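The values are calculated or read from the model by the stated rules, or taken from the named source; none is laboratory data. What you see is a predicted model; the values in this text were computed from it and never measured. Cβ placement follows ideal geometry from the backbone for every residue including glycine, while neighbour counts extend to all protein chains displayed.
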């Protein structure tokens, strides 16, 4: 609160804050009026020359009220701990904290159970399966003294001050309760638009609904393939897509870059799975080596393109995997399913000249991939094959992935255009149509050379295969059926009647 006094010839008089041209005098001042302080020299000059202009000098004093709190009942305690630095290793030892607790006495009165009795011997019926003595009592009456502890959080804290005008403040100053009314004074226009946006204030209640999410996913396929759009009633097997707007149809017909509208679309590719390239496992894996498998040379060794990784069966490793799998089956299955860890024998072609023939044999687009002359090595009884020699054995260092989820790890994608002249070979068969073909990669495994330690490792080394004779042939019917089942997990339309 501010006070003002008027002093003329050592006498004190009071006047209220009125218009500057008014010369009224009244005492005492009204309760809602501001007491005005006038400098004595100004009043003296006014008394001597009343015809001069009256100049007032205002003074507003802010008074801060002290809010001293009593000291806490338990002041902080500084412990005198002798320090020897991190070099001594005492701060990182497990016994350091225990020794510190033993040396520092408790400054509170605590019983043997530290206020939390956990001895169940004296509780009746607890060992007979009767837990009523330690369970919450149904319909317990709340003591009136405890009702304050159950107040909601919104009722706690200081109540909001009533917004009202303060007569002793000038127009350029605002109280804390009125600060929210002047949000626009220091806020950009973009933030004001976001704050006043009706769509942001009233979000759709069905936006996070699973059925609504599925409808919007189906809508994307309906836009791309309007002839295949489902228009019947919703059922457990079929669901209608969300309503398609005209803007979405035009956007599909005339695609535009979201950030750079000046860019023009040169070509588009449908995203399709390459089912013929899906292996018998149903997915691909990435193998990362800790070092170069072959010796460093000036040129790239193309034998790495056709190398083989042969898993080595180990009964001990299989038992460990079965234990992990059983523990995962009994759990809540929130973690990913454990993956079997193998040791791998690494084989490379014995002759570098065989790489060209191997690639032609494995190329389904090569019209002469059945030519037996592509084999480079002679085997028993005049048969030909590709010889692979074992280079070394690798062990699994680390691996990650989930064989049950094909799209949560990595997807390899290749653009294929059969009309393109790049890489065209005369007589080649066109296996695929134009599209962007994806290949699921569900596992990444890092391997390192395995060290032979102990007698068991030496015995395993004696039983390993040092050479493989590889021939390429068509898969059997059982293998084709198993491979078709793996492909059906990606595209259910290829599931055959026999497999189903």
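Listing for the model above:
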read-out: Which numbered condition residue 404 misses (of (1) over 19 Å from residue 349 (Cβ atoms); (2) free of Cβ contacts under 8 Å to residues at least 40 places away in the same chain; (3) outside any strand (DSSP E or B)); value: (2)
read-out: Among residues of the range 53-82, those that are within 47 Å of the chain's Cα centre (by Cα) and either farther than 30 Å from residue 103 by Cβ or in contact (Cβ under 8 Å) with a residue 60 or more places away in the chain (or both), counted; value: 4
read-out: Condition check for residue 328: loosely packed, with under 14 Cβ neighbours inside 10 Å and at pLDDT 85 or above; value: no
read-out: Residues satisfying the stated conditions in the range 370-383, i.e. surrounded by 14 or more Cβ atoms within 10 Å (Cβ to Cβ) and without any contact (Cβ under 8 Å) to a residue 60 or more places away in the chain; value: 374, 376
read-out: Only listed residue being exposed (fewer than 10 other Cβ atoms within 10 Å of the Cβ), outside any strand (DSSP E or B) and either in contact with a helix residue (DSSP H, G or I) (Cβ under 7 Å, 6 or more places away or on another chain) or modelled with pLDDT under 80 (or both), chosen from 457, 473, 493; value: 493
read-out: Some residue of the range 425-441 being within 17 Å of residue 281 (Cβ to Cβ), in contact with a helix residue (DSSP H, G or I) (Cβ under 8 Å, 6 or more places away or on another chain) and either modelled with pLDDT under 90 or not assigned by TED's automatic domain parsing to the domain that holds residue 286 (or both); value: no
read-out: Cβ pairs under 9 Å, 6+ apart, first in the range 112-128 and at negative phi and modelled with pLDDT under 80, second surrounded by 10 or more Cβ atoms within 10 Å (Cβ to Cβ) and in a loop (DSSP other than H, G, I, E, B); value: 120/134
read-out: Counted residues, the range 239-259 - those being modelled with pLDDT of 85 or more and not in a helix (DSSP H, G or I); value: 12
read-out: Among residues of the range 93-111, those that are surrounded by 10 or more Cβ atoms within 10 Å (Cβ to Cβ) and in contact (Cβ under 8 Å) with a residue 24 or more places away in the chain, counted; value: 1
read-out: Filter result for the condition that a residue is over 15 Å from residue 308 (Cα atoms) and at pLDDT below 85, over 377, 366, 370; value: 366
read-out: Qualifying residue in the range 342-363 (condition: assigned to a loop (DSSP other than H, G, I, E, B), exposed (fewer than 14 other Cβ atoms within 10 Å of the Cβ) and touching a residue at least 60 places away in the same chain (Cβ under 8 Å)); value: yes
read-out: Selection count where residues are out of contact with any strand residue (DSSP E or B) (no Cβ under 6 Å at 6 or more places or on another chain) and crowded, with 16+ Cβ neighbours inside 10 Å, scope the range 274-292; value: 3
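Results for (1) over 30 Å from residue 481 (Cα atoms); (2) free of Cβ contacts under 8 Å to residues at least 12 places away in the same chain; (3) not in a helix (DSSP H, G or I), shown as yes or no for each residue.
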position	(1), (2), (3)
293	yes, no, yes
300	yes, yes, yes
305	no, no, no
311	no, no, yes
317	no, no, no
323	yes, yes, no
